[in-house]
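Read through the structure below, which is laid out as structure tokens, and then see the notes.
The values are calculated or read from the model by the stated rules, or taken from the named source; none is laboratory data. These numbers were taken from a predicted model, which means no experiment stands behind them. No Cβ is skipped: glycine too gets one built from the backbone with ideal geometry, and neighbour counts run over all protein chains shown.
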């Protein structure tokens with residue numbers, strides 16, 4: 001059972017800004033906030049957006065109960081008037097953004113939040129937390145899936161990240177192209193395929209490896225996967241086939257030189273007549289290790305640490321910036337900060353991708369006043385990258401739940417295939433396509 | 001409000017192993033499992049253990065409700081008999097481990113779990129998730145605090161990691177020496193100091209910077225910290241002192257060359273008579289940046305991304321291994337796997353640290369049969385590193401809650417000061433003290 005509100009999963013300054021803005025009236029100004037990243041992790045060709053479905057789930061539970069309000073009052077974080085305003089808070093604005101599973105590049109708005117300053121401000125930290133982590137995992141997953149070619153990749157990384165991050169990582173991994181997860185809460189919450197059979201301790205708790213294998217076959221059937229590297233792999237494989245017969249489902253190798261060992265185990269299994277017994281390998285894999293294993297006789301991969309830590313890039317460095325707001329005269333006005341190295345492009349954005357014989361593909365970001373944007377018509381063939389997630393407080397539920405994850409998983413494969421083939425290169429380089437920003 | 005059970009925050013194979021072990025009787029064998037890391041992140045001199053208090057919180061809520069049991073049944077993960085066993089599950093074993101805030105080194109048992117195979121197995125993933133992430137953050141925090149000398153460090157990283165990881169990170173940061181956090185849920189759950197005033201969007205939503213500053217002073221008082229780098233820093237500082245007077249609490253700089261800018265802002269503030277106005281800097285800091293800022297006139301630091309991602313080491317690579325279990329004859333017996341590069345030392349461990357004129361400090365890990373361990377008496381002056389967290393299912397509550405975090409925070413400073421000074425070096429090198437393993 002999971003029951004919580006994400007309303008305090010936020011930085012204190014969101015509430016102090018709300019408090020000051022309610023006092024001076026700016027809290028009611030219509031605003032546009034946009035989330036984007038200024039750069040991809042070094043050498044990466046693309047990122048994969050994930051987490052928007054989880055944002056919608058969180059929005060549905062974003063409210064403050066009496067305990068939360070008492071906390072804000074006790075700590076004197078906001079005034080009495082602000083507490084009253086918060087009591088019945090729900091987000092009434094609109095959210096557009098990239099599809100889950102879509103490739104993203106620097107300086108394009110992956111999420112666009114419209115509403116009053118007060119309500120948009122409260123969401124900042126939560127939206128960034130979700131998109132930054134989930135997209136980091138989905139981006140790593142997608143590179144791994146490319147490197148694994150047609151072999152299924154499974155998430156086994158839960159133990160190497162925060163226990164809740166593990167649940168989000170499993171979901172993001174599937175958006176990024178993985179087939180399933182070892183994490184049961186993720187399987188329960190999101191309807192994901194769950195996998196797993198036994199660890200080394202199961203062999204060790206028994207008086208012999210043979211007894212452990214017999215017990216596992218007895219409980220899980222011959223289709224199970226036996227872990228064969230607790231003592232001596234070749235003896236274990238022999239024992240495994242003796243116990244289960246040639247119909248043994250699979251074996252797993254979790255140590256040593258995986259390519260060499262997989263070949264030896266494949267030869268041994270074949271010699272024993274267990275030609276359909278599969279081989280899974282699971283030892284500290286990343287996209288480079290998977291690429292190196294392409295010619296080894298491996299059937300599936302379990303990926304852990306490097307998946308849930310984003311394979312060297314554990315966050316996407318996405319930021320949430322105010323780009324347009326109503327001024328004192330009631331007119332919407334583009335705004336931007338001018339901080340050194342952190343300046344922003346003012347104005348609400350449109351975002352398209354054009355496909356022009358592959359090599360000239362381009363991300364087009366169009367900014368300008370509301371009237372100029374309304375007059376803009378994208379050339380034929382440009383894909384509109386922004387879909388509507390929330391319309392004046394109404395959540396589009398088709399972007400939540402299991403089906404949305406399956407759609408995102410399928411969409412990722414399709415969208416990646418439409419990019420120049422260099423996108424799938426593991427060599428360090430520039431983003432696969434450029435982003436062209438036009439201010440109308 | 002937060003209400004959940006961590007019982008499904010686990011890998012599926014914990015439940016399938018339980019199922020098979022209940023069928024063959026090994027689930028009831030008394031066992032010892034130990035958590036340790038095989039290596040520190042490259043070049044690191046020490047790690048800081050954190051998360052054990054959160055483990056105790058999680059243990060108190062580790063139960064399966066009807067929905068969870070139905071999930072396990074529907075997915076056919078365990079049998080009817082195992083579901084019955086799980087219905088009233090609570091951990092009745094014992095847990096010892098390192099104090100929170102203690103330095104750790106490779107191959108020493110930071111947590112030791114004793115109980116039946118069944119109950120110990122179910123905890124594996126959760127214990128590792130918590131210790132691996134929390135200790136990664138505390139380890140990074142500790143290096144940053146050393147580099148910051150006496151200047152307070154504050155956690156502002158929530159937006160750059162999973163939204164729940166952010167809460168754990170704030171707690172771990174304080175264990176690691178930080179003074180507070182921007183994260184409100186962490187402040188609420190753990191009684192931490194919360195900080196934060198305003199972001200760039202607060203300046204941008206107003207028609208002028210002056211109006212934004214006036215509004216913030218009006219709501220939060222002159223003691224607040226004004227963010228001065230939205231447009232032009234020097235003009236902003238001038239405006240800030242005009243609006244607040246020379247008693248302005250502080251200013252924050254979030255971009256550019258922080259050392260140079262802090263000096264210019266300090267000069268300007270002093271010239272304006274605001275000599276007690278503090279300067280906080282917050283732009284992508286890590287331990288190296290903090291070390292470089294030691295001579296700049298900065299009063300406190302806000303640290304984000306690099307804190308919550310472990311400053312290049314987002315996990316501690318800790319593992320949970322069965323080291324001893326009862327055999328078929330009812331006798332406790334050390335066990336170990338022999339996997340290539342992943343072999344383990346059999347037997348339950350004792351762990352001590354000796355302090356011998358500093359340079360000969362050493363971590364002593366003593367392993368052996370239960371009778372030999374019982375006969376072992378540590379030499380005078382050796383610190384016993386293992387404290388009792390759970391005794392036959394009874395949790396020692398003094399290791400939970402706010403006071404435990406304060407104790408861990410203070411303990412870290414003391415324990416680090418007792419190590420050779422090289423421990424605090426940011427230069428890459430070997431662990432500050434060696435670990436000597438003795439098998440009796």
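What the table below lists for this structure:
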{"quantity": "Out of B:92, B:52, sole residue that is in contact with a helix residue (DSSP H, G or I) (Cβ under 8 Å, 6 or more places away or on another chain), touching a residue at least 60 places away in the same chain (Cβ under 8 Å) and surrounded by fewer than 15 Cβ atoms within 10 Å (Cβ to Cβ)", "calculated": "B:92"}
{"quantity": "Residues (assigned to a loop (DSSP other than H, G, I, E, B) and buried (at least 24 other Cβ atoms within 10 Å of the Cβ)) located in region B:179-188", "calculated": "B:182"}
{"quantity": "Answer residue from region A:33-48, given it is in a strand (DSSP E or B) and under 30 Å from residue A:420 (Cα atoms) and is farthest from the other protein chains (Cβ to nearest Cβ) among those", "calculated": "A:48"}
{"quantity": "Qualifying position, being at pLDDT 95 or above and either surrounded by fewer than 18 Cβ atoms within 10 Å (Cβ to Cβ) or within 21 Å of residue A:342 (Cα to Cα) (or both), among B:323, B:315, B:275", "calculated": "B:275"}
{"quantity": "Of the criteria (1) in contact with a helix residue (DSSP H, G or I) (Cβ under 7 Å, 6 or more places away or on another chain); (2) within 8 Å of chain B (Cβ to nearest Cβ), which one residue A:233 fails", "calculated": "(2)"}
{"quantity": "Residue within region A:75-88 that is modelled with pLDDT under 95 and either under 22 Å from the mean Cα position of the chain (by Cα) or more than 7 Å from chain B (Cβ to nearest Cβ) (or both) present", "calculated": "yes"}
{"quantity": "Count of residues meeting criterion [more than 29 Å from the chain's Cα centre (by Cα) and touching a residue at least 24 places away in the same chain (Cβ under 8 Å)] in region A:379-404", "calculated": "1"}
{"quantity": "Single unsatisfied condition, residue A:279 versus (1) more than 25 Å from the chain's Cα centre (by Cα); (2) within 12 Å of chain B (Cβ to nearest Cβ); (3) free of Cβ contacts under 8 Å to residues at least 40 places away in the same chain", "calculated": "(2)"}
{"quantity": "Residues that are in contact (Cβ under 8 Å) with a residue 60 or more places away in the chain and either within 25 Å of residue A:69 (Cα to Cα) or assigned to a helix (DSSP H, G or I) (or both), drawn from region B:162-178", "calculated": "B:165, B:166, B:168, B:169, B:171, B:172, B:173, B:174, B:175"}
{"quantity": "Test: residue in region B:241-255 that is surrounded by fewer than 17 Cβ atoms within 10 Å (Cβ to Cβ) and closer than 19 Å to residue A:341 by Cβ", "calculated": "no"}
{"quantity": "Single residue of region B:5-32 satisfying the filter (in a strand (DSSP E or B) and either more than 10 Å from chain A (Cβ to nearest Cβ) or within 21 Å of the chain's Cα centre (by Cα) (or both)) that is farthest from residue A:215 (Cα to Cα)", "calculated": "B:32"}
{"quantity": "Boolean, residue A:269 is in contact (Cβ under 8 Å) with a residue 60 or more places away in the chain and either outside any loop (DSSP other than H, G, I, E, B) or under 22 Å from residue A:45 (Cα atoms) (or both)", "calculated": "no"}
{"quantity": "Count of region B:1-26 residues which are buried (at least 21 other Cβ atoms within 10 Å of the Cβ) and touching a strand residue (DSSP E or B) at 6+ places or on another chain (Cβ under 7 Å)", "calculated": "2"}
{"quantity": "Of all residues in region A:49-74 being assigned to a loop (DSSP other than H, G, I, E, B) and away from chain B (no Cβ under 11 Å), the one that is nearest to residue A:12 (Cα to Cα)", "calculated": "A:62"}
{"quantity": "Of all residues in region A:191-228 being in contact (Cβ under 8 Å) with a residue 40 or more places away in the chain and farther than 13 Å from residue B:16 by Cβ, the one that is nearest to the other protein chains (Cβ to nearest Cβ)", "calculated": "A:200"}
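Okay, residues lined up against (1) farther than 15 Å from residue B:33 by Cα; (2) touching a helix residue (DSSP H, G or I) at 6+ places or on another chain (Cβ under 7 Å); (3) at pLDDT below 90:
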position: B:345; (1), (2), (3): no, no, no
position: B:348; (1), (2), (3): no, yes, no
position: B:369; (1), (2), (3): no, no, yes
position: B:374; (1), (2), (3): yes, no, no
position: B:377; (1), (2), (3): yes, no, no
